[in-house]
Amino acid sequence: MRLNHFTLPSRDVERAAKFYRRLGLTQIVASYPDYARFVAEGDVTLSLHRDEVAVPGASVHFEVSDVDATVAGLRDAGLEIESEPVDQPYLWREATLLDPDGNRVFVYHAGEMRLNPPWRIA
């Protein structure tokens, strides 16, 4: 089974779509006010669907080769960084932002540690 798409609820799809475009995703569907879809590097897609009672709780993770440079670019694009890049004890370097609905967006680099950390079970 291959994970290739995920959907987030949004109280304001058009506002959230602007955030994800500024994040660097390519928008491929704009059916406002109810729906939007984006494609990220490769063929993974993310969609937003309108939900008047959307409760934040999801987290979205985007791996990049250089977290610090990417975060600087996002800041220059006017996005607010929730937490600056930091090396985590689980061997990832990551920073976070919040999307307009309060979902946490991680910009990280894990490299080999994403699939093969020293504590991986056999």
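The values are calculated or read from the model by the stated rules, or taken from the named source; none is laboratory data. Bear in mind the structure is a predicted one, so any value in this text is a computation, not a measurement. Neighbour counts are summed over all protein chains in view; Cβ atoms, including those assigned to glycine, are modelled from backbone coordinates with ideal geometry.
All conditions but one from (1) at pLDDT below 95; (2) over 21 Å from Phe6 (Cβ atoms); (3) within 15 Å of the chain's Cα centre (by Cα) apply to Gly57; the one that does not is (2). Quick check on my filter: what residues within the stretch 24-49 are of a type in the set (D, E, K, R) and more than 26 Å from Val71 (Cα to Cα)? Matches in the stretch 24-49: Asp34 only. Residues in the stretch 17-39: is at least one part of a loop (DSSP other than H, G, I, E, B), out of contact with any Pro (no Cβ under 9 Å at 6 or more places or on another chain) and buried (at least 19 other Cβ atoms within 10 Å of the Cβ)? For the stretch 17-39, residues part of a loop (DSSP other than H, G, I, E, B), out of contact with any Pro (no Cβ under 9 Å at 6 or more places or on another chain) and buried (at least 19 other Cβ atoms within 10 Å of the Cβ): present.
Inspect the stretch 76-93 for any residue being within 12 Å of the chain's Cα centre (by Cα) and not acidic (Asp, Glu) and give the result as yes or no. No.
Is at least one residue of the stretch 54-71 among the acidic types (Asp, Glu), without any contact (Cβ under 8 Å) to a residue 40 or more places away in the chain and either within 20 Å of Thr26 (Cβ to Cβ) or out of contact with any helix residue (DSSP H, G or I) (no Cβ under 7 Å at 6 or more places or on another chain) (or both)? Yes, there is a match, as at least one residue in the stretch 54-71 is among the acidic types (Asp, Glu), without any contact (Cβ under 8 Å) to a residue 40 or more places away in the chain and either within 20 Å of Thr26 (Cβ to Cβ) or out of contact with any helix residue (DSSP H, G or I) (no Cβ under 7 Å at 6 or more places or on another chain) (or both).
When only residues in the stretch 43-54 that are part of a loop (DSSP other than H, G, I, E, B) and more than 13 Å from the chain's Cα centre (by Cα) count, which is farthest from Tyr32 (Cα to Cα)? So the residue we want is Asp43. Consider the stretch 40-69 and keep the residues that are surrounded by 15 or more Cβ atoms within 10 Å (Cβ to Cβ) and touching a His at 6+ places or on another chain (Cβ under 9 Å). The one that is nearest to Val86 (Cα to Cα) is Val67.
Filtering the stretch 3-12 to residues that are in contact with a Leu (Cβ under 6 Å, 6 or more places away or on another chain) and more than 12 Å from Phe38 (Cα to Cα) leaves only Ser10. Hey, could you check the stretch 79-118 for residues that are loosely packed, with under 14 Cβ neighbours inside 10 Å and of a type in the set (Asp, Glu) and say which is nearest to Glu63 (Cα to Cα)? Once the filter is applied, the top-ranked residue is Glu112.
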